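The values are calculated or read from the model by the stated rules, or taken from the named source; none is laboratory data. Quick caveat, the model's predicted, so the values are computed rather than measured. Heads up, the Cβs are rebuilt from the backbone with ideal geometry, glycines too, and the neighbour counts pull from every protein chain shown.
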Amino acid sequence: MLEIKNLHVKLEEEDKVILKGVDLKIGPGEVHAIMGPNGSGKSTLSYVLAGRDGYEVTDGSATLDDEELLEMEPEERAAAGLFLAFQYPVEIPGVGNMTFLRTAVNAQRKARGEEELSAGDFLKVVREKAKTLKIDADMLKRPVNVGFSGGEKKRNEILQMAMLEPKMCILDETDSGLDVDAMKLVAEGVNALRSAGRSFLVITHYQRLLDHIKPDVVHIMSNGRIIKTGGPDLALEVENNGYADLLDGVQ
Amino acid sequence: MALAQVKQDALTARLQGLSAPAKGWTAAARASASDRLAAQGLPTRRDEYWRYSDPAQLTKPEVSGAATDLAPSFAALDAVKLVFTDGVFDASASDDPALAGVELLSLAGQADIHWAQGLYGQLETRGSSPVERPLAALNTAYATEGVLIRVTGQAAKPVSLIYTQKSASSDVILHHVVKLEEGAEITLLESGTPGARFNTVLEVDVASNARFHHIRTQGPDADRRGVTHIFAHIADNALFKSFTLTAGGRLTRNEAILEITGDDSVAHVAGTVLGDGKDFLQDDTIFITHASERCESRQVFRKVLKNGATGVFQGKILVKQGAQKTDGYQMSQSLLLDEDAQFLAKPELEIYADDVKCSHGSTSGAIDETALFYLQSRGVPKRTAQALLVLAFLAGTLEEIEDEAIAAEVHARLEDWLHGLDG
Ligand SMILES: Nc1ncnc2c1ncn2[C@@H]1O[C@H](COP(=O)(O)OP(=O)(O)OP(=O)(O)O)[C@@H](O)[C@H]1O
Ligand SMILES: [Mg+2]
């Protein structure tokens, strides 16, 4: 599914190197988690994969089902099946959430040579999915994320994911800012999407989310590298002992 | 050569092509306008309010332009349609000018129209001080065409002025007068390009408790050169709202001069502008005078500019002594789609009352890259994402249009015209 090899990334505007050789391989249907101290490069990795401007890839590659992601426009990556749930979802005044979702869904269908959804069909699907995430009709009508609470924004990300049905989902701290019940809702939303053909990369600081979304593999990222990879127990170890021991082991 | 001489020479040259209208009930107003014009001469870039826009194309004797063939904007709306072709009222193309509660007359009629006599050129005169507006004086002195609308009740439907242009060299002067009696209400629509070059004046007298709505579209013709003036006098408990959508054109200067003299009234002027190319210049010049208590005024403009287009906003709020509890606000914003586009703003507040709330703001910026990336990351192609963000920005001013059907119509035009801008 997703294969990242020796990925080196620096900031375009500055001489600051952020990713210093990341290797990661996620197979179909697998759930991987990345944990790691603040500023270690987790969000940068997700942005670079999604195609955000401002970063320069100096070495390495990232492929999705053997297609080179790093040469595609962001919208092409999305059409290829990549989805990033943002750590900080963006507010877009003046663009209705519904318009946004429908434009996105139909743009992807078009890019894949599929027929666009009619307004009626779209409405039916979106209402149903919104309901399971407890997103009310009012939130769908409002401009994208404008005036949404932190938790509402995160739920809106999951709704987009559910509508777009990507094959590779990256969730960047989707649990932060969620209350206990909302976290369950979001986890259920994610679990409902789990399938043999769909993989997840879950970036989180807390074991709690991983209680709900059980990962197959856990990675620890520090200072632009994956420094340790293990099973679900690794997340428990971090929860109990912090990163100090792991980091010491590296240096 | 002294500046005054330059202005006088320009005026002499300009007037040579114009024939003096026949004497009639407007004679006194025209004579007074001619006198003012003679004293002022024509504007040049040295004038305080013409620094950003070169008036030469509006003042030079010869007209260059192209004929346009625009699809009318409000065709689907039920309205009394009055058509002007190359600046001349075209009765055969127009609806029967009959509307309950409304009197519709042609300025070209020349009969003695008592109610208009007290207005024709009068509001223009009031609005031409303290800032001279010689092009409006020229209009009052030489206009022979226009509509005179007297509203005595609730107009059942809008009056729609449709401008069509056939000649590539028509030099059009139109002068409309609208009088709303106490408690009356009407919506006036304007669309199309009056001529290869045009100069229009709209005088609006809004009596107590009356409500006036004005919605106008300009464009999307590429060659438009025109100046428009709205002069309004607003009494107490009244409402005045004017909205303009502009796309294309070389030089479009829209002036609105509003004077609120009654308490508890509302006056809004808004505009949405799409500008493309280095030959594009669009200018909103607004002057709102508060002379009474507890009134609200709004100036809301949004412009998207690309490929070297220029947008201008000059907006003034004057709060006279005693105009307490005035609530005045002006906001002009531009979205610059490339580095060559420019937005020039001159906001002014002049306040002589102590208990007022007045604010102004002006912003100029590029498209929000973060929002653009967010849309793209969801699979929306970059161009579509850009268009969506531009539309979202511009559509913000459409809230100023109260009638939903008309707002929807303007929104549809905006989308069409944006599409044209994209290609
Ligand atoms: N555009 C940028 N300009 C300057 N510094 C940046 C930029 N993007 C990332 N960085 C820096 O790169 C490093 C990695 O940032 P990143 O956001 O990827 O960390 P993270 O692992 O996601 O942290 P957190 O757990 O706090 O979310 C940080 O030191 C950050 O300050
Ligand atoms: Mg982060």
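With the checklist (1) under 30 Å from A:L82 (Cβ atoms); (2) touching a strand residue (DSSP E or B) at 6+ places or on another chain (Cβ under 9 Å) in hand, flag the one item B:V380 doesn't pass.
B:V380 satisfies every listed condition except (2).
A:M139: within 14 Å of chain B (Cβ to nearest Cβ), away from ligand 1 (no atom under 16 Å from the Cβ) and buried (at least 16 other Cβ atoms within 10 Å of the Cβ), yes or no?
No.
Checking the condition free of Cβ contacts under 8 Å to residues at least 60 places away in the same chain, more than 13 Å from chain B (Cβ to nearest Cβ) and over 22 Å from A:R198 (Cβ atoms), which residue from A:G120, A:G94 passes?
Result of the check over A:G120, A:G94: A:G120.
Is it fair to say B:Y374 is more than 26 Å from B:G275 (Cβ to Cβ) and within 14 Å of chain A (Cβ to nearest Cβ)?
Values: more than 26 Å from B:G275 (Cβ to Cβ): yes; within 14 Å of chain A (Cβ to nearest Cβ): yes.
For B:Y374, the condition - more than 26 Å from B:G275 (Cβ to Cβ) and within 14 Å of chain A (Cβ to nearest Cβ) - is met.
Contact list please: Cβ distance under 7 Å, first residue in segment B:88-113 and closer than 13 Å to B:L161 by Cβ, second residue loosely packed, with under 15 Cβ neighbours inside 10 Å, pairs at least six apart or on different chains.
Qualifying pairs under 7 Å: B:F89/B:A108.
Would you mind stating whether A:P89 is touching a helix residue (DSSP H, G or I) at 6+ places or on another chain (Cβ under 9 Å), facing chain B (nearest Cβ under 8 Å) and surrounded by fewer than 17 Cβ atoms within 10 Å (Cβ to Cβ)?
No; evaluated as a whole, the condition is false for this residue.
Suppose we filter segment A:19-43 for residues that are within 15 Å of ligand 1 (Cβ to nearest atom), away from every other protein chain (no Cβ under 14 Å) and either crowded, with 21+ Cβ neighbours inside 10 Å or within 19 Å of the chain's Cα centre (by Cα) (or both); how many remain?
Number of matching residues: 13.
When you go through (1) touching a residue at least 40 places away in the same chain (Cβ under 8 Å); (2) more than 22 Å from the chain's Cα centre (by Cα); (3) more than 21 Å from B:F240 (Cβ to Cβ); (4) away from chain A (no Cβ under 14 Å) one by one for B:C358, which number turns out not to apply?
Checking B:C358 against (1) touching a residue at least 40 places away in the same chain (Cβ under 8 Å); (2) more than 22 Å from the chain's Cα centre (by Cα); (3) more than 21 Å from B:F240 (Cβ to Cβ); (4) away from chain A (no Cβ under 14 Å), the one that fails is (3).
Is it the case that A:E115 is away from chain B (no Cβ under 14 Å), in contact with a Lys or Arg (Cβ under 8 Å, 6 or more places away or on another chain), assigned to a loop (DSSP other than H, G, I, E, B) and more than 26 Å from A:V146 (Cα to Cα)? Spell out how you get there, then give the answer.
Working: away from chain B (no Cβ under 14 Å): yes; in contact with a Lys or Arg (Cβ under 8 Å, 6 or more places away or on another chain): yes; assigned to a loop (DSSP other than H, G, I, E, B): yes; more than 26 Å from A:V146 (Cα to Cα): yes.
Spelling it out, A:E115 is indeed away from chain B (no Cβ under 14 Å), in contact with a Lys or Arg (Cβ under 8 Å, 6 or more places away or on another chain), assigned to a loop (DSSP other than H, G, I, E, B) and more than 26 Å from A:V146 (Cα to Cα).
Among what's in segment A:3-51 and is among the β-branched types (V, I, T) and within 23 Å of A:E75 (Cα to Cα), pick the residue that is farthest from ligand 2 (Cβ to nearest atom).
If we take residues in segment A:3-51 being among the β-branched types (V, I, T) and within 23 Å of A:E75 (Cα to Cα), then A:I26 is farthest from ligand 2 (Cβ to nearest atom).
Looking at segment A:68-86 only, could you name the residues that are over 16 Å from the mean Cα position of the chain (by Cα) and more than 9 Å from chain B (Cβ to nearest Cβ)?
A:E68, A:L70, A:E71, A:M72
What residue, of B:A341, B:A309, B:A291, B:A345, is more than 22 Å from B:R51 (Cα to Cα) and in contact (Cβ under 8 Å) with a residue 12 or more places away in the chain?
The match here is B:A291.
Only one of A:I213, A:I220 is crowded, with 21+ Cβ neighbours inside 10 Å, more than 16 Å from ligand 2 (Cβ to nearest atom) and at pLDDT below 95; which?
A:I213
If you take just the strands (runs of 3 or more DSSP E) that sit entirely in segment B:290-396, which of them hold at least 3 residues that are surrounded by fewer than 16 Cβ atoms within 10 Å (Cβ to Cβ)?
B:342-351, B:357-365
What number of residues within segment A:165-181 are touching a residue at least 24 places away in the same chain (Cβ under 8 Å), away from ligand 2 (no atom under 16 Å from the Cβ) and surrounded by fewer than 20 Cβ atoms within 10 Å (Cβ to Cβ)?
3
Just to be sure I understand, how many residues within segment A:44-64 are surrounded by fewer than 20 Cβ atoms within 10 Å (Cβ to Cβ) and hydrophobic (A, V, I, L, M, F, W, C)?
Count: 1.
Evaluate segment B:44-56: report whether one residue or more is surrounded by 15 or more Cβ atoms within 10 Å (Cβ to Cβ) and closer than 23 Å to B:Y120 by Cβ.
Among the residues of segment B:44-56, not one is surrounded by 15 or more Cβ atoms within 10 Å (Cβ to Cβ) and closer than 23 Å to B:Y120 by Cβ, which makes the answer no.
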